[in-house]
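Engineer: Dumping the structure here so I can ask a few things about it.
Computed from the coordinates by the stated procedures, all read-outs in this text should not be read as laboratory data. All of these numbers come straight from a predicted model, not from anything done at the bench. So basically every Cβ, Gly included, is an ideal-geometry build from the backbone, and we count neighbours across all protein chains shown.
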Amino acid sequence: MADEVELSCREAARLISITFERVLTEEESVQLKFHLGDCDDCQHYEVQLKFLHEAAARYRR
């Protein structure tokens, strides 16, 4: 992971969405974790997306 590049918020949002479809690679996971550690907007996006996925799952039952 020597070539680590900081994620943009757009890329972080994409990875957050992907977490509902598959497990992130180790590199993706580390990059996202670092980005979320510094970005309040993306932290809020993650919380909101989790809420929506959980609400949709409850609705489907």
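Engineer: Within the P(r) computed for the stretch 9-60, what percentage of the Cα pairs occupies the region above 12 Å?
Structural biologist: Details: 853 of 1326 pairs.
Everything past 12 Å amounts to 64 percent.
Engineer: Between Ala56 and Glu6, how high is the FRET efficiency from 1/(1 + (r/R0)^6) when r is the Cβ-Cβ distance and R₀ = 35 Å? Nearest 0.05. Before the final figure, lay out each step's value.
Structural biologist: Numbers: r = 31 Å, r/R0 = 0.89.
Efficiency for this residue pair is about 0.65.
Engineer: Given the peptides 46-54, 13-21, arrange them by the average over their residues of other C-beta atoms within 10 Å, most packed first. Please report the intermediate quantities before stating the final value.
Structural biologist: Values: 46-54: 12.6, 13-21: 14.3.
In descending order of packing, they fall as 13-21, 46-54.
Engineer: Just checking the chain: which Cys have no other cysteine's beta-carbon under 4.7 Å?
Structural biologist: Cys9, each lacking another Cys Cβ under 4.7 Å.
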